[in-house]
Every structure is written in structure tokens, then in C-alpha cells.
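Participant: Please find one structure pasted underneath; my questions will follow.
The values are calculated or read from the model by the stated rules, or taken from the named source; none is laboratory data. On a predicted model such as this, the values are computed, not experimentally measured, just so you know. FYI the Cβ positions are ideal-geometry reconstructions off the backbone, even for glycines, and counts take in every protein chain you see.
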Amino acid sequence: MAGNRAIALNMIANTSSFVFATVISFFLTPYITKNVGIEAYGLVGLANSFISYVTLFTSALNSMASRFIIIEIHKNEFTKANEYFSSVLIANTIIALLLTIPSVWLIFNLELINISQSLMFDAQVTFSVVIFSFFVSLVGSFYGVVLYAKNILYKGSFRTMESNIIRIVLILLLFSFLDTRIFYVALATFIAGLYPLVWNIRYTHRMIPELKVSVSSFSIRSIKELISSGIWNSVTRLSQILLDGLDLLICNIYIGGVMTGNVAVAKTLPGLFIGLIAVLSDSFYPKFLEYYSKKMKDSLLITINQSINTLSAISGLCLSILIIYSEDFYKLWLPGENARLLSVLTILSLGTVLISSCIYSLYSVFSLTNKVRTNSIVMVISGILSISITILCLKTTDWGVYAIVGISSVVGIIRNLLFTPLYAAHCLGLSWIVFYKRIMMNLLSFTLMLVIATFIRNLCPATTWGLLFLNFLMATVFGAVISWLLVFSSAQRKAVIDRFIKRIHR
């Protein structure tokens, strides 16, 4: 019960933080695009895309470090935990210093990218701030392991909400009292990002005082162990870049800066949705780690099933609303832009998560069981296939930006249907078909939600913000009923009702 309460608290806090960030993005994105233009707005996304390429190399060391540190903490093996912790932080500091030289070269050679000359200075400053921010996070991010080790993700969520408040205040102040330059967005994001980092360091000192950075604890052997385990996550990261992360760069090269800005805007809603699914899935991960490290297999499987049911219910509801109302939303949100184009690009971007969202927590199974190699190989093959087909279509067809966004989604759907649930079941020692029931029920409930949302939209066209909100409300109510009946089993529904009745009679 205590575990369920911790999961529920984490989910509520994580979701609240996500909603808060979404509301900020809702008001901030049109404000920024209005002041700096949609091409300039795409510079931040482009700079972050380059950072994602760099993480391809750093993830070999970092992707599995948290797992090793937290498992040793749960075993009360603090000498070993300190060895991993100190080694990875010191190694990341060295990596950040070594990356400085190629970063400076990139900043002074941005003319190689399709950027308007009038925006070149803004682009150089934006890239500088984003890269420096990455270096800081590379060194300090592992202080966040305390949130998972002590199962206090809710504290991190509250700090993130406060960080977002700092970010929006800084952007408004900078835009109000200085020029409207896009690099102010990157600068405000960097400064605000320091806030939760400071808090994580404080939590670590207070809750895990045994965990300290020490040069004497640095171990080449531990570095080799982390890299040998995490190298396959670098391969996975490569495939993710090929599947999705190159969209903005390819669009910039083959089509132009303005369309790159459109793609960046169109990816905002899918990015928010993926962020919601990620934080919800993340709420279960501390318990995954605890049960796995303590060899409590039955409890682990129960918690994984809970996560799948929760993600299935929420993802179907969110996806149906995003798909049906995306064009109406863009017409009201960005009245000066091409709402139909943005809507189509958004729907195409959502393709991959149509399947993966309901089983998102299964991705953590590969890292949890330290069986990431096969998944990484399949991911990189699908990534290479996706980028090859995309470039071929750009050269031989007139599909243009639709090929850039859509092909990666099609490849992702195929992979998530034919591989991910099969291999996750294998890693857990379960029947190969066990997760397909969840996928099929999610698709069925999602289809019904689409039909109902379409009916509501035709009955009450969303031509104003008020009517759009009313549509959202009605679609949410009917969608919740469908999820309750189709996604959750009768036993699960009965357990929830019984728990609710007990609380009423207390």
C-alpha cells in the first residue's frame, strides 16, 4: 500500500508539473513566435537537435549509471555506489572540457547550416548558451538519482514547476526591457535549469550523505563497466536520432528555414504528449528499481501491469483529442500560421507513439534487466531504414516535409508492433503474447474515442476557445468511460471502487 501511495503521489506531482509546463508553452510559444518570427523560433529546436547528437556519445557512459548507483544504494553498498557516482561525475567533467573545442568550431561555422544571415548572430549566441547549458547538466544531472533512490519524484516535480515560473518571468523581463532576441529564450531556460540542480544537490547531501564525489573513489574499472553496459544505449540513441532527431536538420537542408520552423511548432504538441507519458511512466520506475534490486519478482510484475493499464487509459484519451482537434487548436493558437499544415505534421509525428505510449514502461525493462543489446540493434536498423527511405523520397517524390515527418512514424509503428512487446516479455520470462492484449485493447478504445470525438466536433464545431474547451471536456468524459470499461479488468475496477468506498466510510 505504501508503494501504491508513493506511486500515486509521484504521478499527481509529475502530471501537475507537466500540465503547468504545457500551460506555459501554450501562452509562451505564440508570444515568442510573434516577437521573433517562426524561423528564429526554429533555432532553439535546431540547437537542441545538435545536443541530441552529442548525447549519442555521452549516453554510453551515462545511460546506465543511475541504475547501477541506485541498485547499490538499495543494497546499502555505499562504497560501491560512491565508486560509480564519483567516477561518472569526474568522467563527465572531463568530457565537457574535451567537447569545448568542437563546440567552438561549430558556433563559428554555422553558415554551413541553412540560416538567414540576419539571424546568424542570434543563432551563434543561441547555440553557445544551449551547448554550455548541456555541459552543466552533463556534470550535475546525476545528483537527481536521489529522487529515484528515495522515491521522492514529487519533490523534483515541484522544483521543476518553480523552475518553469523562473523561466517565463525571465523571458518576459528580457523581452520587455531589452530587444526581442531568440537567444533570450535559451538564456532564460539555462538560468532556470540551475534551480532544480541546486535543490537536487541539497537533497543528496541531506538524504544520502554517504553519497559524495571523491577523486579517491574514481575507478577506471567502474567506467569500463558502465560503458560496456551502456554502449548499446548509445546505439539506441543513434536510432532515435535517425528516426526522429534529424527531422529539423533534414528539413533545414532540403526545404528551408521557414518550413523548419513549422516542423518545430508542429512537434510541440507531440513532444508534450510524449513528455506526459514519460513522466507518468517515470512515476513507476523507482518501484521497478527497488523490487528488481530486492529480487521481488511478483511485486515487480504487478507494478509493471499497473503502469501499462494507466498509460493505456491516458494515452488513448490524449491521442484521440490531439488528432481530432489539432487543426482547430492551431487556428485559435497561431492564427497567422497554416493550421492545416501544422495539423497534418502533428498527426504524422504522433504515429510512433500510437503503439508505444501504452507500453512505454516496457522500455525501462531493457535497462532494468541490463538487456539492452538486442533492442539497440533493432532500433538502429529501423533508424537507418527510416533515414534512407526519407532521403530517397525527398529526391524522387514531391512529398516534401510530409515524408520527413511521416516515414519515421511508420517505421516506429512497425517496430513497436513486431518487436518491443515480444522482447520485453522475453526479458521478463513471460509468454510472448502477454502484452499484445494490452495493445489491442488500447487500439480498440482509441478507435472508439476517435469516433466519439469526431461526433462531438461535428455536433459542436470548435470555433472559439470556449467551444474548444467544451469539446475537450465532453471528449474527456466519454473517453474516460471507455477506458474504464475496456482498458481495466473487472477485478481492477472492483479494487478501485472498494478502495473508494472505504475512504468514504472512514
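Participant: Residues that are over 23 Å from the mean Cα position of the chain (by Cα) and of a type in the set (A, V, I, L, M): does the stretch 46-62 have at least one?
Facilitator: no
Participant: Then there is this: Within the bounds of the stretch 146-167, is there any residue that is of a type in the set (A, V, I, L, M, F, W, C) and farther than 29 Å from GLU290 by Cβ?
Facilitator: yes
Participant: In addition: Tell me, which residue of the stretch 391-430 that is assigned to a loop (DSSP other than H, G, I, E, B) and of a type in the set (Gly, Ala, Ser) is modelled with the lowest pLDDT?
Facilitator: Per the criteria, the residue is GLY400.
Participant: Go through the stretch 460-471 and count every residue that is buried (at least 18 other Cβ atoms within 10 Å of the Cβ) and either among the β-branched types (Val, Ile, Thr) or part of a helix (DSSP H, G or I) (or both).
Facilitator: Count: 2.
Results for (1) modelled with pLDDT under 70; (2) closer than 29 Å to ILE250 by Cβ, shown as yes or no for each residue.
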residue	(1), (2)
GLY3	yes, no
ALA6	yes, no
ILE12	no, no
SER16	no, no
PHE20	no, no
PHE26	no, yes
ALA40	no, yes
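To keep it simple, each residue is scored yes or no on (1) in contact with a Ser or Thr (Cβ under 9 Å, 6 or more places away or on another chain); (2) touching a residue at least 12 places away in the same chain (Cβ under 8 Å).
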{"site": "GLY261", "(1), (2)": "yes, yes"}
{"site": "LYS267", "(1), (2)": "yes, yes"}
{"site": "GLY271", "(1), (2)": "yes, no"}
{"site": "ILE274", "(1), (2)": "yes, yes"}
{"site": "ALA278", "(1), (2)": "no, yes"}
{"site": "TYR285", "(1), (2)": "yes, yes"}
{"site": "PHE288", "(1), (2)": "yes, yes"}
{"site": "TYR291", "(1), (2)": "yes, yes"}
{"site": "LYS294", "(1), (2)": "no, yes"}
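Participant: Any idea which residue in the stretch 431-440 is modelled with the lowest pLDDT, counting only those that are assigned to a helix (DSSP H, G or I) and not aliphatic (A, V, I, L, M)?
Facilitator: Once the filter is applied, the top-ranked residue is ARG438.
Participant: Still on this structure: Within the stretch 103-129, which residues are surrounded by 14 or more Cβ atoms within 10 Å (Cβ to Cβ) and either within 19 Å of ASP179 (Cβ to Cβ) or in contact with a Pro (Cβ under 6 Å, 6 or more places away or on another chain) (or both)?
Facilitator: Answer for the stretch 103-129, where residues must be surrounded by 14 or more Cβ atoms within 10 Å (Cβ to Cβ) and either within 19 Å of ASP179 (Cβ to Cβ) or in contact with a Pro (Cβ under 6 Å, 6 or more places away or on another chain) (or both): ILE115, SER116, LEU119, ASP122, ALA123, GLN124, VAL125, THR126, PHE127, SER128, VAL129.
Participant: Show the residue pairs meeting these rules: Cβ distance below 8 Å; 6+ apart or different chains; first residue within the stretch 418-447 and of a type in the set (Gly, Ala, Ser); second residue outside any helix (DSSP H, G or I).
Facilitator: Note: pairs meeting the criteria are ALA424/PHE435; ALA425/SER431; ALA425/TRP432; ALA425/ILE433; ALA425/VAL434; ALA425/PHE435; SER445/VAL487.
Participant: Taking the condition of being surrounded by 18 or more Cβ atoms within 10 Å (Cβ to Cβ) and either farther than 25 Å from ILE231 by Cβ or of a type in the set (Phe, Trp, Tyr) (or both), how many residues in the stretch 391-422 meet it?
Facilitator: Qualifying residue count for the region: 8.
Participant: Okay, moving on. What single numbered condition from (1) of a type outside the set (Gly, Ala, Ser); (2) surrounded by 20 or more Cβ atoms within 10 Å (Cβ to Cβ); (3) over 19 Å from the mean Cα position of the chain (by Cα) fails to hold for LEU173?
Facilitator: LEU173 satisfies all of (1) of a type outside the set (Gly, Ala, Ser); (2) surrounded by 20 or more Cβ atoms within 10 Å (Cβ to Cβ); (3) over 19 Å from the mean Cα position of the chain (by Cα) except (2).
Participant: Pairs needed: first member in the stretch 461-481, farther than 16 Å from SER312 by Cα and in contact (Cβ under 8 Å) with a residue 60 or more places away in the chain; second member anywhere, among the acidic types (Asp, Glu) and in a helix (DSSP H, G or I); C-beta distance under 7 Å; at least 6 residues apart or different chains.
Facilitator: Matching pairs, first to second residue: ALA462/ASP328; LEU468/ASP328.
Participant: Does the stretch 93-113 hold any residues that are within 13 Å of LEU43 (Cβ to Cβ) and within 27 Å of the chain's Cα centre (by Cα), and which are they?
Facilitator: Across the stretch 93-113, the qualifying residues are ILE107, ILE113.
Participant: OK, next. Show the residue pairs meeting these rules: Cβ distance below 6 Å; 6+ apart or different chains; first residue within the stretch 348-367 and at pLDDT 80 or above; second residue surrounded by fewer than 22 Cβ atoms within 10 Å (Cβ to Cβ) and basic (Lys, Arg).
Facilitator: Listed pairs, sorted by first residue: SER349/LYS267.
Participant: Here is a further query. Residues in the stretch 168-191: is at least one closer than 21 Å to TYR154 by Cβ and at pLDDT 85 or above?
Facilitator: No, the stretch 168-191 contains no residue that is closer than 21 Å to TYR154 by Cβ and at pLDDT 85 or above.
Participant: May I ask you to say which residue of PHE218, PHE158 is over 21 Å from the mean Cα position of the chain (by Cα) and among the hydrophobic types (A, V, I, L, M, F, W, C)?
Facilitator: Of PHE218, PHE158, the one residue that is over 21 Å from the mean Cα position of the chain (by Cα) and among the hydrophobic types (A, V, I, L, M, F, W, C) is PHE218.
Participant: Which of the residues belonging to the stretch 429-447 are buried (at least 19 other Cβ atoms within 10 Å of the Cβ) and under 23 Å from LYS371 (Cα atoms)?
Facilitator: PHE435, ARG438, ILE439
Participant: Which numbered condition trips up CYS318, out of (1) touching a His at 6+ places or on another chain (Cβ under 7 Å); (2) farther than 18 Å from LEU428 by Cα?
Facilitator: All conditions are met except number (1).
Participant: Now a separate question. Find all pairs meeting these conditions: Cβ atoms under 9 angstrom apart; at least six residues apart or on different chains; first residue within the stretch 212-233 and over 21 Å from VAL378 (Cβ atoms); second residue assigned to a loop (DSSP other than H, G, I, E, B) and at pLDDT 80 or above.
Facilitator: Between residues of the stretch 212-233 that are over 21 Å from VAL378 (Cβ atoms) and residues that are assigned to a loop (DSSP other than H, G, I, E, B) and at pLDDT 80 or above, the close pairs are GLU225/SER219.
Participant: Another question, then. Going through the stretch 441-495 one residue at a time, which ones are in contact with a helix residue (DSSP H, G or I) (Cβ under 9 Å, 6 or more places away or on another chain), at pLDDT below 85 and over 15 Å from ILE323 (Cα atoms)?
Facilitator: MET441, ASN442, SER483, TRP484, LEU485, LEU486, VAL487, PHE488, SER489, GLN492, ARG493
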